[in-house]
Structure formats: structure tokens, C-alpha cells
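The structure appears right after this line, and notes come after that.
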Amino acid sequence: MVPTAMRFLFSLILLGLIATGRAEDPSRPATPEEVGLFKEAVKNTTQDTEHWAYTETTVMKSTKGKVREETVVRFDPSKPWLEQYTPLKIEGKPPTEKQLKKYRERGEKRGERIARTAEPADATEPGQPAAPKPEKGRKVTLDLDNPRVLRDEGDRLIYEAALKAVTKDIPVDKFEVRVVVGKTARQVEHISLRLRESFRMKLVAKVKAGEASADFAVVDPKYGPVMTSATGSFGASLLFVPVSGIFTNTRTEWERVKPYNDRLKVKLGPLEVLDF
């Protein structure tokens, strides 16, 4: 099983945060034009994610390099919720019935989250009631309005961005986020995240260290970039037992599909980084 602390950091990475640079780099407020570029790049990199199926390979290792866990999962958003996650291999073996059930439940929960942010298909028709507001949850989003510029490299800008949370339980100020944006393509090229200082979560785990990075690439020139890989490391204590590790995540075998949730009218909001 993956430690809770690691799942926390891993969720941040896979849902889209991360760049280069460290706290000692000087930064300045972004100009209105640079803020506009930042917003457009994030939108171009996140608005199309529901149209891609891919095979995801995740490897968890100890800090000494020993493999602790390896999974290969096919994700296909065109299928019904229960079928969207199909484990192909877990620990080098075909999945058991119990493991298949776990991934079916994961797809079901994903459908429930999407449905909470969607309007009924006929809500825009005259006389129809307004759609219910999305349920409140513990969510972290990227602050799109106040990025700072760390470096201008001519063909790209390196931004420092803040996180926002709807509750005080998530210490977003303890994380450092960097986003690399290509000026010409107006797209995110790379994201990185680093933990500035330790914090405790849910009274059972203390996250002591962590950093990660994600790369984005265009797999079809007709569409925007997708996240193709992520790597990172973490250090934590779980019930006073020290745990640490390294993870790699790669996505391959990309296929353009029509999303199952096209039958819903989904309102796109700010880039959501974490939902737990």
C-alpha cells in the first residue's frame, strides 16, 4: 500500500502542478500581459484532458532503489465510470478480482465528482431550474491571478505561483510551485513543486520533505500538450514510523476519444490540484 503522505504529494503532481527554480531566485510581480500568458497557458494545458485515453505506469521505489510497488493501468474517459480504470498489471501480475473492484470504485467516485460540477443537460432550457452548486470539499487550486516572474529566458517564462485552499486544513503556504511557460505556443512545458517546511496531516502523518516535477508534451499537433511523465521523492513519518520513497509515473499509448461525460454540461473552473 502507498503511504498516505505519499498519496498526498502524488495527487498534487498528477493533477497538474509543478517548474524549476528555488526560493533564493529573485522574483517580481508579473505584468498584465504576463498574467494573461500564464492564464492562457494553464487553460491550454488543462482544458482538453477529458479527451485522452492512455496507459499509465507508476513505480514506487525506496530511497535505495528497491521497487516497492509497480502498477500498469489503462485510463479511458470514453467508457462508463466503472470501466474507465482498467488495471493491466499490479506487482507484475494480472489484477485480482479484489483489485479490479477497487479500480471500478475509483471510476465510480470520479464520476460522482464530475457530476457535482455539471449542470443537467436541459438546464439551459426556458423554465428549467438552476443547476445545484457543486458540493464544497477540501480542494486546492492554483492562484491564476497573482503569479510572479522568476526568469525571462526569451522564448519562455518561469513563473512562481501560489496555491489556494478552501479550508485552513491544507497548508498551501508550505509549498513552492514553479511553472515554465512557452511564449510562442502559450503552453505549460514543465511544472515543479517543493515542500518548504514540514507539516502534519490528519494527526497521523507528518510530511517532512518532498519535491516533484512533471513534463508536458504535444502528442498530436492538432491539440494542446498533455502530461507525459512525473517524478518525485518524499519523506514523512506515519504513526511515528519514518517512511520515504521515490516515484516515477509515465503515460504512453495516447488515443483521442470522446469523453463519457459529454452528456453532462461541465463548467470548467480554476485548475484543481487536490480533492480529498
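So the values come out like this:
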| quantity | calculated |
| --- | --- |
| Gain upon complete extension [Glu70, Glu50; 0.36 nm per residue less C-alpha separation] | 4.7 nm |
| Residues with amide H under 5 Å from that of Val219, placed H, sequence gap 5 or more | Val226 |
| Ranked order, Leu82, Leu157 - accessible area, probe 1.4 Å, largest first | Leu82, Leu157 |
| Full-stretch length increase - Val59, Lys93 - with 0.36 nm per residue and alpha-carbon distance subtracted | 10.8 nm |
| Solvent-accessible area of Phe247 with every protein chain in place, 1.4 Å probe, in Å² to the nearest 10 | 10 |
| Of every Cα-Cα pair in the stretch 22-91, the percent that sits beyond 19 Å | 63 |
| With DNA, RNA and ligands ignored, accessible area of Leu88 (1.4 Å probe; Å², nearest 10) | 80 |
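The values are calculated or read from the model by the stated rules, or taken from the named source; none is laboratory data. This structure is a prediction, so every number in the text was calculated from the model and none was measured. The protein model used for the area step is the full one, side chains on, heavy atoms only, and it has no ligands, DNA or RNA in it. Shrake-Rupley method; radii C 1.70, N 1.55, O 1.52, S 1.80 Å.
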